[in-house]
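Below: one structure, written as structure tokens.
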Amino acid sequence: MGRDVAEAGVDARDSGHFDPEIVPVPAHEDTDKDGDEIDAPDTLVTKDDGSRAGTTMEVLGKLEPHSGPTAPSPPATPVPSTTAPPRSW
């Protein structure tokens, strides 16, 4: 299922399905991946690059669970708010 969802996301992105929802954002790189300063031209980001083409079951099988392998499960019911009562002065 995870692979199918990833593949559907890539197909939708590549077909332009999400284009009306994307606001182009100017981006400027002033450092490279090592943190060294570089002089790079500004670019305009117009596509979401979160979906990765070529996702396979082998790749997905190597991912850790989002909350980590030993993280406790969240409570089954919502935790009540702990806000202070209003002041009466």
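Within the stretch 1-24, residues that are farther than 17 Å from residue 45 by Cα reach partners that are aromatic (Phe, Trp, Tyr) and surrounded by 11 or more Cβ atoms within 10 Å (Cβ to Cβ) with beta carbons closer than 7 Å, at six or more positions or on different chains, in the pairs 12/18.
Rundown of residues vs (1) exposed (fewer than 10 other Cβ atoms within 10 Å of the Cβ); (2) assigned to a loop (DSSP other than H, G, I, E, B); (3) modelled with pLDDT under 75, yes/no style:
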residue: 9; (1), (2), (3): no, no, no
residue: 12; (1), (2), (3): no, no, no
residue: 29; (1), (2), (3): no, yes, no
residue: 47; (1), (2), (3): no, yes, no
residue: 60; (1), (2), (3): no, no, no
residue: 78; (1), (2), (3): yes, yes, yes
residue: 83; (1), (2), (3): yes, yes, yes
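In the condition set (1) at pLDDT below 80; (2) surrounded by 10 or more Cβ atoms within 10 Å (Cβ to Cβ), residue 89 is compliant with all but (2).
The values are calculated or read from the model by the stated rules, or taken from the named source; none is laboratory data. Computed from a prediction, not measured in an experiment: that's the story for all the values here. So basically every Cβ, Gly included, is an ideal-geometry build from the backbone, and we count neighbours across all protein chains shown.
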